[in-house]
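K.L.:
I have a structure here, written as C-alpha cells, and I will follow up with some questions on it.
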Amino acid sequence: MAQKNLLIIGAGGVAQVTAHKAAQWAAEFGEIHIASRTRSKADAIVQTIGEKGHDVQVKTHALDAMDSAAVADLIRETGAEICINVGSAFINMTVLEGCIEAGCAYIDTAIHEEPDKICETPPWYANYEWKKRDAVEQAGITAILGAGFDPGVVNAYARFAEDEYFDKIDSIDIVDVNAGNHGRYFATNFDPEINFREFTGTVYSWQGGEWRENKMFEVGREWDLPMVGKRTAYLSGHDEVHSLSARYSDADVRFWMGFGDHYINVFTVLQSLGLLSEQPVTTAEGLEVVPLKVVKAVLPDPASLAPDYEGKTCIGDLVKGSKDGVPGEVFIYNVADHKDAFDEVGSQGISYTAGVPPVAAAILIARGEWDVKRMVNVEDLRARPFLELLGEMGLPTRVIDARGDNPI
C-alpha cells in the first residue's frame with residue numbers, strides 16, 4: 001500500500017513540534033508538506049528540522065486557510081491524504097470543509113471558534129464540527145477532532161479507564177498543571193488570544209446529568225500530583241468536557257487548570273479594564289482596535305519562551321467508577337519536561353504535549369487502525385494503540401491504581 005502524503009497547516013509553536021515529529025517519523029508517511037499564511041514561517045520551521053539533523057524533505061506552501069477552496073486546491077496539489085490542522089481554532093471549519101471537498105482525512109487539536117464569539121451554548125462541538133458529521137461520512141474520510149493533549153490525550157485516558165478498569169464511570173476530573181518557569185513577568189504558554197478567550201466566559205462543567213455554570217477562579221482545590229507536588233487548580237471551561245459529557249452522560253465531567261496568584265492578578269486587572277474583550281473599540285484618534293488583539297501584540301510570542309523554560313507539566317485524569325459493582329479510582333497521567341522538549345524540538349513543554357499527539361493520530365490513520373471513515377472524538381477510538389505509540393514518541397503514560405504507580 002502506498003504511503004499517505006501529509007499536510008500540516010499552521011506555523012506556530014505547536015506546528016513546529018508537529019512538523020519535527022512528522023520528520024522524525026517520516027517513514028510512516030509519503031511526502032510531508034507544511035503550509036502557513038506566511039510561507040517564510042513554514043520555511044523557518046523546516047530550517048530548524050534540518051538543524052536537528054533530520055535529512056527529510058519537507059515542502060512549504062503559502063495558504064489562506066480561511067478559504068476552504070484554497071485548502072482543497074492545496075490538498076489536491078500536494079496529493080495529501082491526511083491533513084493536520086494546528087493553526088488557529090478560527091480556521092477549523094474552513095480547513096475541515098476543504099478536506100471534505102478534496103477527500104482528505106482531517107485532524108485538529110481544539111474546537112472551532114468564531115473571532116467575535118466567546119463561550120457559546122454547550123456542547124460547543126455541536127455548534128460547528130458535529131454539524132459536518134454526515135458530510136464527512138458521505139465523503140468517506142476520517143475526521144478526528146481534538147487530538148492534542150487536552151483535548152486529545154486526556155480523552156484517551158478516559159477511554160482507557162473505560163476499556164481496562166471500569167464498566168461504570170462515575171466521574172472524570174481532568175487536571176492540567178504547568179509547574180514550569182519561563183522567567184518572564186507575564187506570558188501565556190500558547191496563543192494569548194486563544195488562552196484568554198478560554199477564561200473570560202462562563203465555566204461549564206457536566207455534573208448531575210446537566211450543564212453547571214461557574215465563573216473563572218470561583219471554584220478551586222488543591223491537588224497533590226506526581227513530580228509537581230501540591231498545586232491549586234481551578235474549575236475551568238475546556239473543550240474536552242463538551243465531548244466527554246456526551247459519551248459519559250451519567251458521569252460528572254470536570255476540567256481543572258492550575259494557576260498561580262500572579263497569573264490570576266494580571267488576568268483580573270486586564271479583564272477589569274476591558275482589555276480582554278473580543279469586541280472592537282474606537283480610539284480617540286479614530287482607530288478601530290480589538291483590545292484582546294492589542295494585548296496579544298504586546299505579550300511575548302509563546303514560542304520565544306522555549307529557550308529559558310524550566311520545570312515540568314503534569315496532566316492527567318482522575319477517573320472514579322466501579323467494576324462488577326466494586327468501586328475504585330485511577331489516575332492516568334503524563335509528566336513532560338520543558339527543557340527536554342526544547343533540546344529535542346526547540347519548543348517548550350506545552351507546545352510539545354499539544355504537537356506530538358496529532359502526529360500519532362496521523363500515523364494510526366496511515367496504518368489503518370484509526371482510519372474509521374467518519375467523524376469522531378478521541379474517546380470514540382480504542383485508546384491503547386494511541387497511548388502506546390505516544391510512549392514511543394516521547395509522551396509516556398503512567399497509571400496510579402491499587403497496584404501503585406506504573407507505566408501502561
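The values are calculated or read from the model by the stated rules, or taken from the named source; none is laboratory data. Bear in mind that the values here come from a model prediction, so they are computed numbers and not experimental data. Virtual Cβ from ideal backbone geometry, glycine too; neighbours counted across all protein chains shown. Surface areas here come from the heavy atoms of the whole protein model, side chains and all, with no ligands, DNA or RNA. Shrake-Rupley method; radii C 1.70, N 1.55, O 1.52, S 1.80 Å.
K.L.:
Taking only pairs six or more apart or across chains, which ones have beta-carbon atoms under 8 Å, a first residue in the stretch 50-70 that is part of a helix (DSSP H, G or I), and a second residue that is surrounded by fewer than 17 Cβ atoms within 10 Å (Cβ to Cβ)?
P.N.:
Note: pairs meeting the criteria are 70/64.
K.L.:
Still on this structure, I have one more. Would you be able to tell me the number of residues in the stretch 70-86 that are open to solvent by 20 Å² or more (accessible area, probe 1.4 Å) and either in contact with a helix residue (DSSP H, G or I) (Cβ under 7 Å, 6 or more places away or on another chain) or more than 29 Å from residue 197 (Cβ to Cβ) (or both)?
P.N.:
Taking the stretch 70-86 and keeping what is open to solvent by 20 Å² or more (accessible area, probe 1.4 Å), we get 70, 73, 76-77, 79, 81.
Subsequent filtering for residues that are either in contact with a helix residue (DSSP H, G or I) (Cβ under 7 Å, 6 or more places away or on another chain) or more than 29 Å from residue 197 (Cβ to Cβ) (or both) retains 73, 76-77, 79, 81.
So the answer is 5.
K.L.:
Go through the stretch 178-199 and give me each residue that's farther than 16 Å from residue 256 by Cα and without any contact (Cβ under 8 Å) to a residue 40 or more places away in the chain.
P.N.:
Correct list: 185 only.
K.L.:
Taking strands (runs of 3 or more DSSP E) that fall entirely within the stretch 174-289, which contain at least 2 residues that are in contact with a helix residue (DSSP H, G or I) (Cβ under 7 Å, 6 or more places away or on another chain) and at pLDDT 95 or above? Give the steps one after another, and end with the answer.
P.N.:
On the way: elements: 203-207, 210-214, 220-225, 229-235, 252-258.
Passing ranges, in order: 203-207, 252-258.
K.L.:
Is one or more of the residues making up the stretch 106-121 of a type in the set (A, V, I, L, M), in a helix (DSSP H, G or I) and touching an Asp or Glu at 6+ places or on another chain (Cβ under 7 Å)?
P.N.:
Filtering the stretch 106-121 for residues of a type in the set (A, V, I, L, M) gives 107, 110-111, 118.
Narrowing the set further to residues that are in a helix (DSSP H, G or I) leaves none.
No.
K.L.:
Only one of 277, 249, 236 is open to solvent by less than 30 Å² (accessible area, probe 1.4 Å), hydroxyl-bearing (Ser, Thr, Tyr) and under 24 Å from the mean Cα position of the chain (by Cα); which?
P.N.:
On the way: 277 fails: open to solvent by less than 30 Å² (accessible area, probe 1.4 Å); 249 fails: open to solvent by less than 30 Å² (accessible area, probe 1.4 Å).
Going through 277, 249, 236 in turn, the sole match is 236.
K.L.:
Say whether the condition of being in a loop (DSSP other than H, G, I, E, B) and either surrounded by fewer than 15 Cβ atoms within 10 Å (Cβ to Cβ) or at pLDDT below 95 (or both) is met by at least one residue in the stretch 160-172. Steps first, answer last, please.
P.N.:
First pass over the stretch 160-172, keeping only residues in a loop (DSSP other than H, G, I, E, B): 165-167.
When the remaining residues are screened for being either surrounded by fewer than 15 Cβ atoms within 10 Å (Cβ to Cβ) or at pLDDT below 95 (or both), the result is 167.
Looking for residues that are in a loop (DSSP other than H, G, I, E, B) and either surrounded by fewer than 15 Cβ atoms within 10 Å (Cβ to Cβ) or at pLDDT below 95 (or both), one finds at least one in the stretch 160-172, hence yes.
K.L.:
Still on this structure, I have one more. Taking residue 292 as the residue in question, decide whether it is closer than 30 Å to residue 24 by Cα, in a helix (DSSP H, G or I) and open to solvent by less than 40 Å² (accessible area, probe 1.4 Å). Step through it out loud before you land on a result.
P.N.:
Working: closer than 30 Å to residue 24 by Cα: no; in a helix (DSSP H, G or I): yes; open to solvent by less than 40 Å² (accessible area, probe 1.4 Å): yes.
Answer is no for this residue.
K.L.:
In addition: So residue 347 ticks every box in (1) open to solvent by less than 10 Å² (accessible area, probe 1.4 Å); (2) assigned to a helix (DSSP H, G or I); (3) touching a Gly at 6+ places or on another chain (Cβ under 6 Å); (4) over 30 Å from residue 250 (Cβ atoms) but one. Which box is left unticked?
P.N.:
(2)
K.L.:
Out of the residues in the stretch 1-49 that are of a type in the set (S, T, N, Q) and assigned to a loop (DSSP other than H, G, I, E, B), which is surrounded by the fewest Cβ atoms within 10 Å (Cβ to Cβ)? Show your work before the answer.
P.N.:
In the first step, residues of the stretch 1-49 are kept if they are of a type in the set (S, T, N, Q); the result is 3, 5, 16, 18, 24, 36, 38, 40, 47-48.
Narrowing further to those that are assigned to a loop (DSSP other than H, G, I, E, B): 3, 38.
Working: 3: 13, 38: 11.
Only one residue fits best here, namely 38.
K.L.:
If the requirement is being closer than 22 Å to residue 115 by Cα and aliphatic (A, V, I, L, M), which of these qualifies: 241, 219?
P.N.:
On the way: 219 fails: closer than 22 Å to residue 115 by Cα.
Being closer than 22 Å to residue 115 by Cα and aliphatic (A, V, I, L, M) holds for just one of 241, 219, which is 241.
K.L.:
Tell me which of these residue 392 doesn't satisfy, since it passes every other one: (1) of a type in the set (Asp, Glu); (2) modelled with pLDDT of 95 or more; (3) closer than 23 Å to residue 186 by Cβ.
P.N.:
Going through (1) of a type in the set (Asp, Glu); (2) modelled with pLDDT of 95 or more; (3) closer than 23 Å to residue 186 by Cβ one by one, residue 392 breaks only (3).
K.L.:
Assuming residue 314 fulfils every condition listed in (1) open to solvent by 60 Å² or more (accessible area, probe 1.4 Å); (2) in a strand (DSSP E or B) apart from one, which condition is it?
P.N.:
Condition (1) is where residue 314 drops out.
K.L.:
Do we have any residue at all in the stretch 258-266 that's closer than 30 Å to residue 168 by Cα, hydrophobic (A, V, I, L, M, F, W, C) and within 22 Å of the chain's Cα centre (by Cα)? So that I can check it myself, show each step before the final result.
P.N.:
Here is the first cut: in the stretch 258-266, the ones closer than 30 Å to residue 168 by Cα are 258.
Checking which are hydrophobic (A, V, I, L, M, F, W, C) leaves us with none.
Checked against the condition, which is being closer than 30 Å to residue 168 by Cα, hydrophobic (A, V, I, L, M, F, W, C) and within 22 Å of the chain's Cα centre (by Cα), the stretch 258-266 yields no hits at all.
K.L.:
Being outside any strand (DSSP E or B), over 21 Å from the mean Cα position of the chain (by Cα) and among the acidic types (Asp, Glu) is the filter; apply it to the stretch 320-344 and report the residue that is nearest to residue 174 (Cα to Cα). Even if it seems obvious, please write down each step before you answer.
P.N.:
Just the residues of the stretch 320-344 that are outside any strand (DSSP E or B), to begin with: 324-325, 338-344.
When the remaining residues are screened for being over 21 Å from the mean Cα position of the chain (by Cα), the result is 324-325, 343.
Okay, now just the ones that are also among the acidic types (Asp, Glu), so 324, 343.
Numbers: 324: 24, 343: 28 Å.
Checked the stretch 320-344; the qualifying residue nearest to residue 174 (Cα to Cα) is 324.
K.L.:
To continue, here is another question. How do the pairs read when you match residues in the stretch 106-122 that are modelled with pLDDT under 90 with residues anywhere that are open to solvent by 20 Å² or more (accessible area, probe 1.4 Å) and outside any loop (DSSP other than H, G, I, E, B), using Cβ under 8 Å and keeping only pairs 6 or more apart or on different chains?
P.N.:
115/90; 119/204; 120/127
K.L.:
How do the pairs read when you match residues in the stretch 265-281 that are under 15 Å from residue 185 (Cα atoms) with residues anywhere that are open to solvent by 70 Å² or more (accessible area, probe 1.4 Å), using Cβ under 9 Å and keeping only pairs 6 or more apart or on different chains?
P.N.:
Between residues of the stretch 265-281 that are under 15 Å from residue 185 (Cα atoms) and residues that are open to solvent by 70 Å² or more (accessible area, probe 1.4 Å), the close pairs are 266/185.
K.L.:
Still on this structure, please answer the following. From 154, 219, 175, which residue is aliphatic (A, V, I, L, M) and either surrounded by fewer than 16 Cβ atoms within 10 Å (Cβ to Cβ) or free of Cβ contacts under 8 Å to residues at least 40 places away in the same chain (or both)?
P.N.:
On the way: 154 fails: either surrounded by fewer than 16 Cβ atoms within 10 Å (Cβ to Cβ) or free of Cβ contacts under 8 Å to residues at least 40 places away in the same chain (or both); 175 fails: either surrounded by fewer than 16 Cβ atoms within 10 Å (Cβ to Cβ) or free of Cβ contacts under 8 Å to residues at least 40 places away in the same chain (or both).
Matching residue, one of 154, 219, 175: 219.
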